[in-house]
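Colleague: Structure below; questions to follow.
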Amino acid sequence: MIKAGIIGSTGYVGQELTRILLQHPDINLVQTTSHSYIGQNYDQIYENFREIYSGECQEENIEKIADELDVIFLALPHGIASKKITPKILEKTKIIDLGADFRLNSKETYENWYNTEHFSENLLKEAVYGLCELKRNKIKTANLIANPGCYTTCSILSLAPLLKSGIIKDDSIIIDAKSGVSGAGRALNLGVHYNECNESIKAYKLASHRHTPEIEQELSILANKDITITFTPHLVPMNRGILVTAYATLKEKIKYEEISSIYKKFYENEYFIRLTQKEIYPETRWVKGSNFCDIGFTVDERTNRLIVVGAIDNLIKGAAGQAVQNMNLIFGIDEKVGLTTIPIFPA
């Protein structure tokens, strides 16, 4: 059994990790830590775990638990992991960081977009960006995984075959993305109070969202050139889910069938990528509670633009599920193990 621990186990992502790992046949969840609920049993915080898991939330001591665990998941806000992770810790255990501290290759880019100092620049080259469908071989031998963001996961997977095949104009990409309120985390935040967001939809952080450089970084690697995008996120009054609608201009006239073949070839062996049929487009309700990413598209022949739609559950494929998928790869487990839950509906 692989011994695992979660630092930051009582946020929305942390509880999803806890739920998935408790049902994973190869995992012994040894420790859950929490800054806010030290000493409380887990099922006192989340009643859905009653008579299933009552482990006591411990105070975090990563140096100590690194000696005891095979893998540690960090479900923490940005700006914390770079202070905690050291080469010494990585000699003892595997780290899967669900925050943003190791996603960007450049310390300067990170500090510019996140407005905080990065304390482990020496580890940026060691960290592997954990988008399993694109980085599988590197993930298998990694000690430090930078689990991708939710918007970025959906955006990159939706556009990857197009950038790799070179059929779109690189400077034409516009991403319109929408997220449920759980993406803002569990901490008190006036903007996601019921009365503030119910019966309303809003764009936010226009031209300034922190996932922008992450998307550009990975799309640039696929295209083998610098890619600049326009990215606009929106908050919608639902609990969970990401819907991305991406627009790009085709370099030449291409039929739907040819583009479909590009997607099918690119993702032919990817269990968690589901391509929709023609004129059927992804919806968040069809991926909720699952690790699937649904992708569909259409060609606007009038404007010669391609419109791609992607959908994920932000807490699963956009966070906890992808982290477990990374863990499975690292330890040589079938990457689907623990993650084959059929999307729940209605929910």
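Colleague: Might you report the magnitude of the Cβ-based charge dipole of the range 137-291 about its Cα centre, with Lys and Arg at +1 and Asp and Glu at -1, to the nearest 20 debye?
Modeller: 300 debye
Colleague: Can you give me the pair-distance distribution of the range 96-140, C-alpha pairs, 5 Å bins, whole percents?
Modeller: So the P(r) values, bin by bin, are 5, 23, 29, 23, 12, 7, 1.
Colleague: Using the Cα gyration tensor of the range 107-176, with a ≥ b ≥ c the square roots of its eigenvalues, what is the shape: rounded (a/c below 1.5), prolate (a/b larger than b/c) or oblate (neither)?
Modeller: Verdict is oblate for the range 107-176.
Colleague: Taking N as the number of residues in the range 286-347, what value does Rg over Cα atoms divided by 2.2 N^0.38 Å take?
Modeller: 1.44
Colleague: State the extension gain, in nm to one decimal, for the chain segment bounded by GLU68 and GLU258, taking 0.36 nm per residue of separation less the distance between their alpha-carbons.
Modeller: Difference between extended and current length: 63.2 nm.
Colleague: So which of LYS88/LYS140; LYS83/LYS205; LYS138/LYS317 end up more than 22 Å apart, counting from Cα to Cα?
Modeller: Table pairs above 22 Å Cα-Cα are LYS83/LYS205.
Colleague: Pick out, from SER120, TYR110, CYS150, the residue whose Cα sits farthest towards the positive end of the charge dipole of the range 101-153, with +1 on the Cβ of Lys and Arg and -1 on the Cβ of Asp and Glu.
Modeller: Highest projection toward the positive end goes to CYS150.
Colleague: If the reach is capped at under 16 angstrom between alpha carbons, list the aspartates and glutamates near LYS92, excluding any in the same chain fewer than eight residues apart.
Modeller: GLU63, ASP67, GLU68, ASP70, GLU126
Colleague: Tell me the Kirkwood radius of the chain: reciprocal of the mean inverse pair distance over distinct alpha-carbon atoms, in Å.
Modeller: 20.6 Å
Colleague: Would you kindly calculate the mean projected area, averaged across all directions, of the convex hull enclosing the Cα atoms of the range 1-133, in square nanometres?
Modeller: Here the figure is 8.6 nm², rounded to one decimal.
Colleague: Another one. Which number do you get for Rg(Cα) / (2.2 N^0.38 Å) in the range 224-333?
Modeller: Expressed relative to 2.2 N^0.38 Å, the Cα Rg reads 1.19.
Colleague: Continuing with the same structure: Residues of the range 243-278 with amide nitrogen under 19 Å from the 7 Å Cα-to-Cβ point of ILE174?
Modeller: 243-252
Colleague: Also, quick follow-up: Can I get the semi-axes of the range 151-312's equivalent ellipsoid? Compute them from the C-alpha gyration tensor as square roots of 5 times the eigenvalues, in angstrom, largest first.
Modeller: 28, 18, 14
Colleague: Which order do the peptides 175-181, 7-13 come out in when sorted by mean C-beta neighbours inside 10 angstrom, highest first?
Modeller: 7-13, 175-181
FYI, it's all coordinate maths here, none of it is from the lab. This one's a predicted model, so the numbers in the text were calculated from it and none came from an experiment. For neighbour counting, all protein chains shown are included, and Cβ atoms are generated from backbone atoms with ideal geometry for every residue, glycine included.
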